[in-house]
Amino acid sequence: MLNIKNLSVKVIDSDINILNKLNLEIGNGEVHAIMGPNGTGKSTLAKIIMGHYQYEVTNGSIKFNNKDITKLSVDERAKLGIFLSMQDPTVIDGVSNSEFIRTAQNEINGSKTNLYEFIKNMEFSLDDLKLDSNMIHRSINKDFSGGEKKKNEILQMKLLKPKFIILDELDSGLDVDSLKIVCKNINKYLKDNKECSILIITHYPRILEYIKPDYVHILKDGNIKKTGDMKLALEIEKNGYQIIGEENE
Amino acid sequence: MNNIIYLNGEEHKEFNLEEDTIIYHFSIDKSSDITINLNKEDITLYYYYNNINYNDNNYKIRVNHNKSNTKSFVYNHGVNVNNSKLHYWVDGYVPKKSNGCDCNQDNQIININDGNSKIWPNLLIDNFDVNANHAAYIGKFKEEDLFYIMSRGISRKKAYKLLLSGFLLNTDSIDKEKISDFVDEINKL
Ligand SMILES: Nc1ncnc2c1ncn2[C@@H]1O[C@H](COP(=O)(O)OP(=O)(O)OP(=O)(O)O)[C@@H](O)[C@H]1O
Ligand SMILES: [Mg+2]
């Protein structure tokens, strides 16, 4: 599904290097988790996969289903089936959630979705996520609580049906019950879409207890320093990242 | 709200209001000069000015709070398409005799190219017992907004269009049939 080779990334028009020769391979249907200290480049990795305008690939490649995507525009990547649930979803005043999601669906499917079907699916999905139905008429993420913003990301995921999902700190901002509900939705989606892969960026093992990872990677200083499984996540929770540093020295 | 007024096109007008009023003012490439007198206590004005600009134009609006406890909320949104001049003068006047007024203005101009856009927000306030706010923004749409929209599969062009209509039709209560020319003009951008 996703194949990242020797990827180095810097901030555009600067000499700030964030990722340094990073390698990551994610197969169909796999769940990967990335943990790592603050400011090590986890969100940057997520954003460069999506094609964010602030970052530039200086070395290596990102392949999605064997196709190099580093030159593609953001919307072209989304149309291939890549979806990024953002750490801090953007507020956009004036554009309603429903108009936004409907336009996105039309663009991704290349055809106009039937309005009745759209509303029906929207209502089901809102209900699944325990979101208030009035939020679809409101401006995108405007005056949403932290948790509502995260749920809105997953609402979009459910309706846009991606093949590869990146969850950047989905668990921050969600209360215990909401996290459970949201993860239940994601697991249901994975069950219905067996080929779909996920990359979970998190600081805490809790979300990984709901969505079981096949691999857990530790990102530090712009590079994956260690790969393991759930046990590694629990070890980090217990002892912190110093264990990684020690092993390297 | 009792009174709803739609203005289309070139306007040099003075309104003497004695009831709660919403004015929707849609302007395509025109200059305007508007004066509004709030002539009865406790009334509220909402003024939505939305403008698409191609050539050199000026827009002046002045709200006079002639009575106590009057409120005004003025939203001026412009899109300056070419490299022309688009100047806004936005005055809110609260004289000494008017107590407890609320005087607000929010001014924004989006430059599509390198337009010469300027805003002079002006709160002329002679009474301390007032709540007054103004905000002004001149610039482009934010790249972060475009990124978010495009990350859901929407092309840059369509993303721009969503932002433009969100910006220029900035309240749900507009009756779009009354401003079909303006809506057509947005679609041409
Ligand atoms: N546009 C930018 N300009 C300058 N520095 C940047 C920019 N974007 C990211 N950085 C820096 O790059 C580093 C990595 O940032 P990133 O957001 O990827 O960290 P992170 O691993 O996601 O951290 P957190 O766990 O706190 O979310 C940080 O030191 C950050 O300050
Ligand atoms: Mg981050």
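The values are calculated or read from the model by the stated rules, or taken from the named source; none is laboratory data. Computed from a prediction, not measured in an experiment: that's the story for all the values here. Counting neighbours? That spans all protein chains shown, and the Cβs are built from the backbone with ideal geometry, glycine included. Side chains included, ligands, DNA and RNA excluded: accessible areas come from the protein's heavy atoms. Shrake-Rupley method; radii C 1.70, N 1.55, O 1.52, S 1.80 Å.
Observations
- Per atom type, segment B:63-169 shows carbon and sulfur on 49% of its accessible surface, probed at 1.4 Å.
- Using R0 = 30 Å, the C-beta based FRET efficiency linking residue B:143 and residue A:192 works out to 0.30.
- Full extension of the segment from residue B:181 to residue B:20, taken as 0.36 nm per residue of separation minus the current Cα-Cα distance, would add 55.3 nm.
- For segment A:152-249, taking Cα atoms only, Rg and Dmax work out to 14.6, 47 Å respectively.
- Angle in degrees between helix A:146-160 and the longest Cα principal axis of chain A, rounded to the nearest 10: 80 degrees
- Nearest-10 value in Å² for the accessible area of residue B:4, using the 1.4 Å probe: 90 Å²
- Crossing angle, helix A:115-128 versus chain A [Cα axis fit, 0-90 degrees, rounded to tens]: 50 degrees
- Spacing of the two label points (7 Å from each Cα toward its C-beta) at residue A:68 and residue A:230, in nm: 4.0 nm
- Once the Cα-Cα distance is subtracted from the 0.36 nm per residue extended length, the residue B:134 to residue B:42 segment shows a gain of 31.0 nm.
- What the Cα convex hull of chain B gives, in volume per residue, is 113 Å³.
- Within segment B:120-154, backbone nitrogen closer than 16 Å to the virtual label 7 Å beyond the Cα of residue A:161 toward Cβ: B:153
- Here r is the Cβ-Cβ distance between residue A:57 and residue A:91 and R0 is 30 Å; the resulting FRET efficiency, rounded to 0.05, is 0.60.
- For segment B:18-52, the residues whose amide N sits under 15 Å from a probe point set 7 Å from the Cα of residue B:89 along the beta carbon direction are B:31-36.
- In the structure shown, the pairs A:158/B:158; A:130/A:184; B:60/B:176; A:158/A:188 are assessed against 20 Å; a Cα-Cα span above that value is assigned to A:158/B:158; B:60/B:176.
- Modelled label positions at residue B:97 and residue A:106, each set 7 Å beyond Cα in the direction of Cβ, lie 5.4 nm from each other.
- Extension gain, residue A:115-residue A:98: 0.36 nm per intervening residue step, less the Cα-Cα distance, totals 5.0 nm.
- Computed P(r) (all Cα pairs; segment A:141-182; 10 Å bins; percent): 28, 56, 16
- Debye equation applied to the C-alpha atoms of segment A:41-185, log10 I(q)/I(0) at 0.10, 0.11 Å⁻¹: -0.36, -0.43
- Phi angles of segment A:61-77 translate, via the Karplus equation with coefficients 6.51, -1.76, 1.60 and θ = phi - 60°, into HN-Hα couplings of 9, 10, 10, 10, 6, 6, 10, 5, 9, 5, 9, 7, 6, 4, 5, 5, 5 Hz per residue; Gly and Pro are given as x.
- Averaged over the residues of A:77-83, the number of partner chain Cβ atoms lying within 10 Å of the residue Cβ comes to 3.
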